[in-house]
Amino acid sequence: MDALDRVVKPKTKRAKRFLEKREPKLSENIKNAMLIKGGNASSTVTQVLRDVYALKKPYGVLYKKKNITRPFEDQTSLEFFSKKSDCSLFMFGSHNKKRPNNLVIGRMYDYHVLDMIEVGIEKFVSLKDIKNSKCPEGTKPMLIFAGDDFDVTEDYRRLKSLLIDFFRGPTVSNVRLAGLEYVLHFTALNGKIYFRSYKLLLKKSGCRTPRIELEEMGPSLDLVLRRTHLASDDLYKLSMKMPKALKTKKKKNVSHDTFGTTYGRIHMQKQDLSKLQTRKMKGLKKRPAERKAEDQEKKSKRIKKD
């Protein structure tokens, strides 16, 4: 049995608190990411990992030492690091002649690799190369995905889900306008993925809503899709399963739209519109001749029935 798989009984209060944090919860902790450098890593790959770590702070762990491992062949070392650092997301960087400037982005389920996607770096501009002001640490980004491939192709669909998981940050109930500070933009076009990062500038517009300008902040990457290791549909559904305690009970005749507006449906008995009381107007009053004609019709109907 592995040392990390044993049942550990805490001896101190600090160890007890540490183990309680790692216990399964209804509302899970914020997903942390580990950034690992392979046995052979170029300066480009190393700088990419540093820049991504700068975007992920404080929800990331950067391993500075080289780790000789191949994620698509042996995943035990990744699972070991995941359990050790309590990280459910990972980014692995490596470089070789066959796959230069290589990145593997993946996620874990129950400390086992769920799915991972390999991309190659074709062009890279670092955070330090773009001389603009940066966002403070721990800022939650806005994510924008452009391109039909993200909705059509299964590999790109999973990549979109993986990138949302990786960069989404903490879940918040309310967002203030001044808190929207930077945007991560992903574009899928002609078999490539363009990753850009922009800082949001709120300018005066002469009205209540400010005018928005985007200023490139970095990093900037041009990526190409390589190998994929996707989870089966059954395992993917199991990982997305929601606990019963968190499921909201359906209310009859109540629905919500995409913007969160609540709609209710009321069931009523059939109304007789002829008995409906409306506003009395002289123009709508019946004339005496019309009343006599109606009374005669009613009398004739009664005589026929008799």
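The values are calculated or read from the model by the stated rules, or taken from the named source; none is laboratory data. Nothing here was measured: the structure is a model prediction, and the numbers come from that model. Neighbour counts are summed over all protein chains in view; Cβ atoms, including those assigned to glycine, are modelled from backbone coordinates with ideal geometry. These accessible areas exclude ligands, DNA and RNA; they are computed on the full protein's heavy atoms, side chains included. Shrake-Rupley method; radii C 1.70, N 1.55, O 1.52, S 1.80 Å.
Scan region 228-284 for residues that are part of a loop (DSSP other than H, G, I, E, B) and among the hydrophobic types (A, V, I, L, M, F, W, C) and jot them down.
LEU230, ALA231, MET240, MET242, PHE259, ILE266, MET268, LEU276, MET281
Matching residues to (1) open to solvent by 10 Å² or more (accessible area, probe 1.4 Å); (2) out of contact with any strand residue (DSSP E or B) (no Cβ under 7 Å at 6 or more places or on another chain):
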{"position": "SER85", "(1), (2)": "yes, no"}
{"position": "PHE90", "(1), (2)": "no, no"}
{"position": "MET108", "(1), (2)": "yes, no"}
{"position": "VAL113", "(1), (2)": "yes, no"}
{"position": "LYS131", "(1), (2)": "yes, yes"}
{"position": "ILE144", "(1), (2)": "yes, no"}
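Which one is farthest from SER82 (Cα to Cα), of the residues in region 37-69 that are assigned to a loop (DSSP other than H, G, I, E, B) and not charged (D, E, K, R)?
Of everything passing the filter in region 37-69, SER42 is farthest from SER82 (Cα to Cα).
Which count do you get for residues in region 147-162 that are open to solvent by 30 Å² or more (accessible area, probe 1.4 Å) and either over 17 Å from VAL224 (Cβ atoms) or in contact with a strand residue (DSSP E or B) (Cβ under 6 Å, 6 or more places away or on another chain) (or both)?
Let us first name the residues in region 147-162 that are open to solvent by 30 Å² or more (accessible area, probe 1.4 Å), namely 147-149, 151-155, 157, 160-161.
Next cut, either over 17 Å from VAL224 (Cβ atoms) or in contact with a strand residue (DSSP E or B) (Cβ under 6 Å, 6 or more places away or on another chain) (or both) only: 147-149, 151-152, 154-155, 157, 160-161.
Total satisfying the criteria: 10.
Which of (1) closer than 13 Å to LEU49 by Cα; (2) small (Gly, Ala, Ser); (3) open to solvent by 20 Å² or more (accessible area, probe 1.4 Å) is the odd one out, the single condition SER126 does not satisfy?
(3)
I'm trying to understand the selection: among the residues of region 12-36, which are open to solvent by 100 Å² or more (accessible area, probe 1.4 Å) and either closer than 17 Å to LEU89 by Cβ or assigned to a helix (DSSP H, G or I) (or both)?
The answer is LYS13, ARG14, LYS16, ARG17, PHE18, LYS21, GLU28.
Given the conditions (1) farther than 30 Å from ASP155 by Cα; (2) open to solvent by less than 60 Å² (accessible area, probe 1.4 Å); (3) charged (D, E, K, R), which single one is not true for ARG196?
(1)
CYS87 passes all but one of (1) in contact with a Lys or Arg (Cβ under 9 Å, 6 or more places away or on another chain); (2) farther than 25 Å from LYS160 by Cβ; which number fails?
(2)
Has region 237-254 got at least one residue that is modelled with pLDDT of 80 or more, surrounded by 10 or more Cβ atoms within 10 Å (Cβ to Cβ), within 21 Å of the chain's Cα centre (by Cα) and under 28 Å from LEU184 (Cα atoms)?
Among the residues of region 237-254, at least one is modelled with pLDDT of 80 or more, surrounded by 10 or more Cβ atoms within 10 Å (Cβ to Cβ), within 21 Å of the chain's Cα centre (by Cα) and under 28 Å from LEU184 (Cα atoms), which makes the answer yes.
I'd like to check something: does region 201-208 contain any residue that is under 26 Å from THR46 (Cα atoms) and either open to solvent by less than 60 Å² (accessible area, probe 1.4 Å) or not in a strand (DSSP E or B) (or both)? Reasoning before the result, please.
First, the residues of region 201-208 that are under 26 Å from THR46 (Cα atoms): none.
No.
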